[in-house]
Structure formats: structure tokens, C-alpha cells
Amino acid sequence: MAKTKTAPLKIGFVLDDSLDTPDGVQQYILTVGKWLSSQGHDVHYLVGQTSRSDIPNIASLSRNIKVRFNRNRMSMPLPVSRKAMEQLLRREDFDVLHVQLPYSPFLAGKIIQAAPHTTAVVGTFHIAPHSKVVHTANHLLRMVTSRSLKRFDDVMSVSPVAQQFARRTFKIKSEVVPNTVDLAPFMRATPLPEYRNDLTVLFLGRLVERKGCQYLLHAVRRMQEHNMVEKPYKVVLCGRGPLEEKLRKYVREHKLEKIVEFAGFIEESDKPRYMASSDIAVFPSTGGESFGIVLLESMAASRGAVLAGDNPGYASVMHEHPEALFKPHDEEHLADALAHLLNDPAKRKAARDWQLTDVQRYDIPVVGAQILAHYQAALHKRGR
């Protein structure tokens, strides 16, 4: 029986990767899924190998192998049985399958091809390629998945960068529906006691080359050598990764130990309070970003300004405020930007004011309603 427009929907989020990591795509799925559940919809997660048991209605459908792709870590599913997927979809009878693109033919591709004709298939593109190798790999992927790509009723992209990638590489037209955050926990977060009275610069991310923490430290060294900052300040680095020992050695060699603090890995539940403790949050990523969820979180929580590396994904968030962007490899530019903000509380307040206004458009009730509209359009195509 066809459902009315206002009836609850049964929605299956499809992801080849695991939900074990707090990366951008995983955050997107869980944020949207939680909101849809709060609106009365029946939300399920059809994913690759995962160990999480704290998420309702999660189905781990494959064995995955860990790989590095697009200068990022991820896991890739091994082939699954199409018959098993058909049985799963018949049993669950989803109204909508929401697939995260690009996807593997081994898991998501088989789910799409096994979907009953009454089920709407909707997709979201997340990726922004970081190299020619990634472009080439995705051209090949388009050829492999060309049959299942025809099954989509509606496709979204999280940013203009992802939209351009979808059009150029996969020949798919999509509408930009931005990434989203539940802003409430960040906007009500309070600073941690140990940073409440300190002038604080925050970095949060994996300690890997692409995330650019090393360029922040280069800028800090320059500020110290040239006495560019008038008051004492701290630099708090949140995260772990393969560059950690190299970064610690750099801090020791340049006598920055009294300024730079390695906070280690930060749990998602603690992240809002760290961000609320920052007078300046700095994200010097060199590329490979299709958007910038961490920028939205900091814009909502920080007591000061957010600075972002001038890559296409981050620029799509900050495009109306180019003064908030910097070239990560240009330590002189970053040092100047940091010093000006550290020395000028009025500039930090002005940045805080526009950030709080701009970030509202990305709140989950706003974006969630847009996603639901795409579901309804896709269901209409299916005659539902």
C-alpha cells in the first residue's frame, strides 16, 4: 500500500565503509539518521564490517579490508552475495535507500541492483579527489558501476566541489544539499576549566600530512621568533596519527614546549568543550576535503575565530569570508593571520558574530528538511 506524504518512512542508509570511525561521511549518516528517527521515521544502517552495537538497526553485511585512498583511511568491502541482499531487502521493504557515493560494486552496488522497483534510491556524493590517480580510479569505477548508477531516482552532493566531481567523473547531475551538524551541543558547550582564562589556539584532526598540523607549528615558530604576539597564548593539538613523534620533535627542537600542548585523541563527546575553549580554531588541511564539518562545529562552539586552509571543500563553507582562508604551505601568511587575531579581541568577536549567523543554514533541522524533500521527490518518481 502506498504511503502518504506525511506517513513515516522506512529508510536504509547504505555505506560500504564501517561506522567505527568518526570521519565526515559517518558523521553525516549518523547525524541525519538520528534526526530522521526523532521525526518518527524508521531508520536502518546497511554498512560494511562494523563492531558498533550502540546504534539501533545496524546491519554489518560484509568483511572489509583497510585501505588508504584519496590521502585518507577507509575500509573496502569484500564481495557479498546478491541473493542475500535480495532477501534482506524483501524482508525489510524499505521506502528509501540512501546510498553514499561513490560506492563499491561489491556491496552498495549489489544492494542497489537488488532493490525492489517500489523502493526509491537516493544518493549523496561526498568525495573531492586529491590527485589524478584518484580521478582515474573513479573513472574506472564509473564504468564498473554504470548499470547500478541508472537506478538512482535522485542524487545530492554535499558541496559544489562534490557536485562538480559527480558531473565530471560520473556524468551525474546533482543538487547541492550541504553537510550538516546538530549545532545544539556545540552552541551550548562551555570552555574546559584548564583553558577558561588562557588565550588558546586549537587544532583538531588526525596528525597526518594532509591535515596540515605541521604548517600550524611552522607558523607558531615564526610568531615566536619575530615576537609577533603581545600576550601569552597556548596552542592545543587534539588528535593522534603517524606524524605525532615528528611533530613532538619539532616542538622540542624549536623550544615551543611551553606553548604547544599535545592533548591526544579526543572523544566525540568531549569535542564541543575543546572547541568552546578556543579563541582561534585552525584547520590547515591541504586538500581532499569535499566540505568541512569540523569548520561548522567550530563556528558554532568557538569563543573566537575559525581559520581554514584554502582548499576547495573548506572554501565552499568560507567563500563569503575569504579573510578566514589561508594557504597552508605559506607559514608567513598563516603567522600573520594568527598574530592579528591573537592581538585583536575585536576582530575575534567580529568573526564570532558572522560565524554564528552563517552556521545556522547547516543545522540538522534545516538540512534534514531538504533531504526529506528529496526523498519525497524520489518516491513520487516511483509512484509512491
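The values are calculated or read from the model by the stated rules, or taken from the named source; none is laboratory data. Nothing here was measured: the structure is a model prediction, and the numbers come from that model. Here the Cβ positions follow ideal geometry from the backbone for every residue, glycine too, while neighbour counts run over all protein chains shown.
All conditions in (1) surrounded by fewer than 20 Cβ atoms within 10 Å (Cβ to Cβ); (2) outside any loop (DSSP other than H, G, I, E, B) hold for F152, with the sole exception of (2). In the stretch 322-347, what count of residues is obtained for those that are closer than 16 Å to H218 by Cα, of a type in the set (D, E) and assigned to a loop (DSSP other than H, G, I, E, B)? The qualifying residues number 1. When R248, R273 are checked against the criterion of being outside any loop (DSSP other than H, G, I, E, B), within 20 Å of the chain's Cα centre (by Cα) and among the basic types (K, R), R273 stands alone in meeting it.
Considering only the stretch 39-59, I want to know if a residue exists there that is hydroxyl-bearing (S, T, Y), modelled with pLDDT of 95 or more and not in a loop (DSSP other than H, G, I, E, B). Yes, the stretch 39-59 contains a residue that is hydroxyl-bearing (S, T, Y), modelled with pLDDT of 95 or more and not in a loop (DSSP other than H, G, I, E, B).
Among the conditions (1) among the acidic types (D, E); (2) modelled with pLDDT of 95 or more; (3) surrounded by 15 or more Cβ atoms within 10 Å (Cβ to Cβ), E245 misses just one, which is (3). Take the conditions (1) outside any loop (DSSP other than H, G, I, E, B); (2) under 24 Å from the mean Cα position of the chain (by Cα); (3) assigned by TED's automatic domain parsing to the domain that holds S316; R167 misses just one of them, which is (3).
Of the numbered criteria (1) under 26 Å from K327 (Cα atoms); (2) assigned by TED's automatic domain parsing to the domain that holds S302; (3) under 21 Å from the mean Cα position of the chain (by Cα); (4) aliphatic (A, V, I, L, M), the one A162 fails is (2). Scanning the stretch 8-27 for residues that are closer than 19 Å to I266 by Cα, in contact (Cβ under 8 Å) with a residue 12 or more places away in the chain and not in a loop (DSSP other than H, G, I, E, B) yields G24, V25, Q27.
Any idea which of R384, R352, R361 is basic (K, R), in contact (Cβ under 8 Å) with a residue 60 or more places away in the chain, at negative phi and assigned to a helix (DSSP H, G or I)? Every option except R361 fails the conditions.
Within the stretch 276-309, being of a type in the set (D, E), under 18 Å from the mean Cα position of the chain (by Cα) and at pLDDT 95 or above holds for one residue alone: E297. Among the residues of the stretch 207-232, those identified as in contact with a helix residue (DSSP H, G or I) (Cβ under 9 Å, 6 or more places away or on another chain), in a loop (DSSP other than H, G, I, E, B), surrounded by 13 or more Cβ atoms within 10 Å (Cβ to Cβ) and in contact (Cβ under 8 Å) with a residue 60 or more places away in the chain are M228, V229.
Among the residues of the stretch 127-140, are any touching a residue at least 40 places away in the same chain (Cβ under 8 Å), closer than 29 Å to L379 by Cβ and surrounded by 22 or more Cβ atoms within 10 Å (Cβ to Cβ)? Within the stretch 127-140, one or more residues are touching a residue at least 40 places away in the same chain (Cβ under 8 Å), closer than 29 Å to L379 by Cβ and surrounded by 22 or more Cβ atoms within 10 Å (Cβ to Cβ).
Restricting the stretch 71-126 to residues that are aliphatic (A, V, I, L, M) and in a loop (DSSP other than H, G, I, E, B) leaves a set whose member that is surrounded by the most Cβ atoms within 10 Å (Cβ to Cβ) is L107.
When V317 is tested against (1) crowded, with 24+ Cβ neighbours inside 10 Å; (2) over 19 Å from V220 (Cα atoms); (3) modelled with pLDDT of 95 or more, exactly one condition is not met: (3). Of all the criteria given as (1) modelled with pLDDT under 95; (2) among the hydroxyl-bearing types (S, T, Y); (3) closer than 23 Å to S290 by Cα; (4) in contact with a strand residue (DSSP E or B) (Cβ under 6 Å, 6 or more places away or on another chain), the one not satisfied by S62 is (3). Of all the residues in the stretch 127-149, those that are more than 19 Å from F94 (Cα to Cα) and either in a loop (DSSP other than H, G, I, E, B) or at pLDDT 85 or above (or both) number 12.
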